[in-house]
Amino acid sequence: MSEEHTHHPNYVKIWAILVFLLVISVTGPMIGIKWVTLFTAFGIAIVKAYLVVVNFMHIGATRRFVPYLVATCLLFMLLFFAGVAPDVMKATGKNWSKPAWVEAQAQAGAEGGHGH
């Protein structure tokens with residue numbers, strides 16, 4: 001029987017990086033610039049998810065097909081979102097009922113209000 005030498009990451013270092021990225025993603029929207037908010041919300045979330053998957057879930061140490069399975073699931077999730085988002089994100093439509101607060105928000109937006 002052969003023993004495989006597996007690399008164990010420095011968990012404290014990964015934790016510190018994740019905390020630092022959390023601070024950035026919380027303070028990013030406080031700047032008030034839309035693209036900074038989007039970058040910190042989605043870009044940093046992807047980096048944090050990658051760090052967790054690689055270092056804590058040990059995806060690299062699994063069988064060869066597992067990363068492809070994960071990527072396929074993510075692809076299907078994105079396709080599902082792209083398919084339903086145009087309908088779900090609309091505030092009005094035929095035979096479409098949403099809570100009263102959503103309708104009020106859509107009406108305020110149509111009147112040029114900010115909804116606040």
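Brief remarks follow.
- As a proxy for reagent exposure, K48, K34 were ordered by neighbouring Cβ count within 10 angstrom, fewest first; the result is K34, K48.
- Whole-Å semi-axes of the ellipsoid equivalent to region 11-108 (Cα gyration tensor, √5λ, descending): 34, 23, 9
- Taking the number of Cβ atoms within 10 Å of each Cβ as an exposure proxy, the fewest-first ranking of M89, M57 is M89, M57.
- Global geometry of region 43-86, whether rounded, prolate or oblate, following the gyration tensor of its Cα atoms and the 1.5 cut on a/c: oblate
- Length available on full extension from A71 to Y11: 0.36 nm per residue minus the Cα-Cα distance, which gives 19.1 nm.
No value in this document is a laboratory result; all are computed from the given coordinates. Since the model is a prediction, treat every value here as computed from it, not as a measurement. Neighbour counts are summed over all protein chains in view; Cβ atoms, including those assigned to glycine, are modelled from backbone coordinates with ideal geometry.
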